[in-house]
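Worksheet: the structure to be examined is printed underneath.
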Amino acid sequence: MSKLIAAAALAASLTAAPAFAGDWSLAIHGGAGVINRGDLSPEKDKAYRAGLDEALKAGSAVLEKGGSSLDAVEAAVKVLEDNPLFNAGRGAVFTADGRNELDASIMDGATLKAGAVAGVTRTKHPISLARAVMEKSPHVILAREGADKFSVEQGLEQVDPSWFRTEERWKQLEAWRARQKAALDPTHLYGTVGAVAIDAKGHLAAATSTGGMTGKKWGRIGDSPIIGAGTYAQDGVCAVSATGSGEYFIRTSAAHQVCARIAWKGEDLKTAGDATIKAIGDIGGDGGMITMNARGEVAFPMNSSGMYRGWASARGKGTAIYADEN
Ligand code: ASP
């Protein structure tokens, strides 16, 4: 097939796809990891689903009223940041020297504007700081003391670093120190949070927030605040938020790879997500992603045994934890 015919065939296959029908849609995650049936007590299972449900409600409330996908993903992620069960905001994992250093990023699919922060220590909602970087600074990523300073200048809510501390995460750090392993609780190795959404105008947005990985050191930064690795959104193509072993998501440009496969190879959402997860697995990484296409359809590709996740649209909502759960 000549290049011209191939390009025409690709364009035809893209235009043959049903158009955006004007329905809003939202998907969220609360981290991927080794989560097998029976690992979680019934109470914990219920608590995670309730936490996801609360975040879905916050994001849906924005979209139902005709609000923007950007406002919706920020609202959903803020609820997850406040929930100590998840590794973002309150409940973040500890660094090797016993601190909470938070990473977050957000992207607006309509403009390709993006904002991110890495290693911040005092902002109650790191996702709102990422949004402030996008909207109130000429930059995309701010890190550590500089980002903390920018947060104060922007008048964002500040907390004492002890706000982020939970006993469970501290025990995970002690276990890591004792054994130099990732965590005490294998059902919660990760726990990053994220959201993707499309609003009634067809604009996509994505957001991700995390404490990173237990025992991180030397100012380690994962994929979550890296645009194109942990987060990406582009109108007409897709929105992605990732969770898992961040180094591998950076090395595969995971979030952008999903969108590039859809835009340039004409792959459907599921094929693009699965192929990207396979690329991550091929070099030794693990985790999952929430992905949404320009019609608001969602897919949850993963190679870990579970990912806390939820979805909502005008047609209904649901939550799931285990990989084989619908
Ligand atoms: N991806 C995050 C990081 O590497 C961790 C996670 O998703 O749980 O910092």
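The values are calculated or read from the model by the stated rules, or taken from the named source; none is laboratory data. This structure is a prediction, so every number in the text was calculated from the model and none was measured. Here the Cβ positions follow ideal geometry from the backbone for every residue, glycine too, while neighbour counts run over all protein chains shown. To get the accessible areas, we keep the full protein, side chains included, count just its heavy atoms, and leave off ligands, DNA and RNA. Shrake-Rupley method; radii C 1.70, N 1.55, O 1.52, S 1.80 Å.
Out of the range 193-208, which residues are on the phi < 0 side of the Ramachandran plot and either assigned to a loop (DSSP other than H, G, I, E, B) or free of Cβ contacts under 8 Å to residues at least 12 places away in the same chain (or both)? Residues satisfying the conditions are 199, 200, 201, 203.
Restricting to the range 230-269, and then to whatever is assigned to a helix (DSSP H, G or I), out of contact with any helix residue (DSSP H, G or I) (no Cβ under 9 Å at 6 or more places or on another chain) and not hydrophobic (A, V, I, L, M, F, W, C), can you tell me which residue is nearest to the ligand (Cβ to nearest atom)? Out of the qualifying residues, it is 246. Note on the range 1-43: among residues that are surrounded by 13 or more Cβ atoms within 10 Å (Cβ to Cβ) and acidic (Asp, Glu), the one that is modelled with the highest pLDDT is 23.
Scan the range 63-78 for residues that are over 13 Å from the mean Cα position of the chain (by Cα) and open to solvent by 30 Å² or more (accessible area, probe 1.4 Å) and the total you get is 5.
Listed here are the residues, each with its yes/no results for (1) within 16 Å of the ligand (Cβ to nearest atom); (2) in contact (Cβ under 8 Å) with a residue 24 or more places away in the chain; (3) in a helix (DSSP H, G or I).
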residue	(1), (2), (3)
60	no, yes, yes
72	no, yes, yes
76	no, yes, yes
79	no, yes, yes
92	yes, yes, no
98	no, yes, no
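Could you grab me the full set of residues in the range 293-318 that are open to solvent by less than 20 Å² (accessible area, probe 1.4 Å) and either in contact with a Lys or Arg (Cβ under 6 Å, 6 or more places away or on another chain) or more than 19 Å from residue 67 (Cβ to Cβ) (or both)? Explain how you work it out, then say what you get.
Our first condition is that a residue be open to solvent by less than 20 Å² (accessible area, probe 1.4 Å); within the range 293-318, this holds for 293, 296, 299, 301, 304, 306-310, 312, 318.
Scanning the range 293-318 gives 293, 299, 301, 304, 306, 307, 308, 309, 318.
Residues that are of a type in the set (Phe, Trp, Tyr): list the helices (runs of 4 or more DSSP H) wholly contained in the range 113-184 that include at least 2 such residues.
On the way: elements: 126-136, 144-153, 167-179.
Because the criterion is at least 2 residues that are of a type in the set (Phe, Trp, Tyr), the helices (runs of 4 or more DSSP H) in the range 113-184 that meet it are 167-179.
Output yes when any residue across the range 147-161 is closer than 20 Å to residue 321 by Cβ and either within 13 Å of the ligand (Cβ to nearest atom) or modelled with pLDDT of 95 or more (or both), and no when none is. Break it down into steps so the answer makes sense when it comes.
Taking the range 147-161 as the starting set, the residues that turn out to be closer than 20 Å to residue 321 by Cβ are none.
Checked against the condition, which is being closer than 20 Å to residue 321 by Cβ and either within 13 Å of the ligand (Cβ to nearest atom) or modelled with pLDDT of 95 or more (or both), the range 147-161 yields no hits at all.
For the range 185-200, indicate whether the set of residues that are open to solvent by 60 Å² or more (accessible area, probe 1.4 Å) and modelled with pLDDT under 85 is non-empty. The answer is yes; a qualifying residue exists. Which members of the range 209-219 meet the condition of being more than 8 Å from the ligand (Cβ to nearest atom), touching a Gly at 6+ places or on another chain (Cβ under 7 Å) and either charged (D, E, K, R) or not in a loop (DSSP other than H, G, I, E, B) (or both)? Once the filter is applied, which keeps residues that are more than 8 Å from the ligand (Cβ to nearest atom), touching a Gly at 6+ places or on another chain (Cβ under 7 Å) and either charged (D, E, K, R) or not in a loop (DSSP other than H, G, I, E, B) (or both), the range 209-219 yields only 209.
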